[in-house]
Amino acid sequence: MLKSNYTKNLSEAGCDEAGRGCLAGPVFAAAVILPKKFKNKVLNDSKQLTDAQRKELRPIIEEQAIAWAVAQVEVTEIDSINILNASFLAMHKAIDKLKIKPELLLIDGNRFKIYPGIPHHCIIQGDGIYLSIAAASVLAKTYRDDYMDKLHEQFPHYHWITNKGYGTEKHREAIQEFGITDHHRKSFRQLPDQIALSF
């Protein structure tokens, strides 16, 4: 089981993002403050869980968390400020939305833009170490998946219901055949040779 907390006494918010490497769709982020005594044997890095496990964990996290929030940054802003800064912004927006201000931020990864008034620790592969970061990864992933599933209804030929906007073979084949949509990230390399794109 993952670790319950980084410190003994501070209120900690785990933060993580989802969709950073996708060719299409927003980047999502979540921030979660869990009780110090929270335990769950299944909760882990969302990438290590099945879709069914993530869906089962989401209401547990939402019901038992002291506070949680999810935020997103749209494609136009990703293209404007780049995906790294957009990921930081999404995390900041999620932290902004927390009903309780944490005393410490646990960030998945090795870099973060300072959030005013709250110290942070960057933890590489933190979503596989701390429950609060894992919880944030599950919320960010499931909310983004839901968003992409709805977009799929409008653009079924890109297969977003299965690839969630990542650059799978079917997704790239559809880009080559149909061009890109307003939901594609124009700052990303959509095809290896960048041909046959409709802007």
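What the table shows:
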read-out	value
Square roots of 5 times each gyration tensor eigenvalue, C-alpha, the range 135-177, largest first, Å	22, 11, 5
Sulfur and carbon atoms: percent of accessible area, the chain [1.4 Å]	51
1.4 Å probe accessible area per residue over the range 87-181, in Å²	48
Charge tally in the Cβ shell below 13 Å around Q125, where Lys, Arg are +1 and Asp, Glu are -1, Q125 excluded	-2
Estimated vicinal HN-Hα couplings, Hz - the range 54-59 in sequence order (Karplus 6.51, -1.76, 1.60; Gly, Pro = x)	4, 5, 6, 6, 4, x
Under Karplus coefficients 6.51, -1.76 and 1.60, residue-wise ³J(HN,Hα) of the range 98-115 in Hz, glycine/proline x	4, 6, 10, 7, x, 9, 8, 10, 9, 9, 6, x, 10, 9, 7, 8, 3, 8
Listed residue (F38, T142, V27) projecting farthest to the positive dipole end of the chain, Cβ model	F38
Debye, to nearest 20: dipole size of the range 1-88, +1 on Lys, Arg Cβ, -1 on Asp, Glu Cβ	640
Long pairs among K150/K186; K113/K170; K8/K164, criterion Cα-Cα beyond 26 Å	K113/K170; K8/K164
Anisotropy class of the range 65-148 from Cα gyration tensor, a/c 1.5 cut	rounded
Cα shape, the range 31-106, gyration tensor, a/c 1.5 rule	oblate
Rounded D (µm²/s) - the range 6-75, Kirkwood Rh over Cα pairs, Stokes-Einstein at 37 °C, 0.692 mPa s	242
Distant-in-sequence amide H partners of A69 (H built 1.01 Å from N, under 5 Å)	A31
Under the Karplus curve 6.51 cos²θ - 1.76 cosθ + 1.60, θ = phi - 60°, whole-Hz ³J(HN,Hα) for the range 36-45, x wherever Gly or Pro sits	4, 8, 4, 9, 7, 6, 8, 4, 7, 3
Protection proxy ranking of 140-148, 33-41, 48-56 - average other beta-carbon atoms within 10 Å, highest first	140-148, 33-41, 48-56
Rotationally averaged projected area of the range 1-158 (alpha carbon convex hull; nm²)	9.1
Computed E for Y166/I100 - FRET, C-beta separation, R0 35 angstrom, nearest 0.05	0.55
Helical contribution to [θ] at 222 nm, DSSP H n ≥ 4, -39,500 (n - 2.57), averaged over the chain, rounded to 500	-11500 deg cm²/dmol
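The values are calculated or read from the model by the stated rules, or taken from the named source; none is laboratory data. Small disclaimer: the values here were computed from a predicted structure and weren't measured. Positions of Cβ are generated from backbone atoms using ideal geometry, with glycine treated the same way; all protein chains shown enter the neighbour counts. With ligands, DNA and RNA removed, areas are computed over all heavy atoms of the protein, side chains included. Shrake-Rupley method; radii C 1.70, N 1.55, O 1.52, S 1.80 Å.
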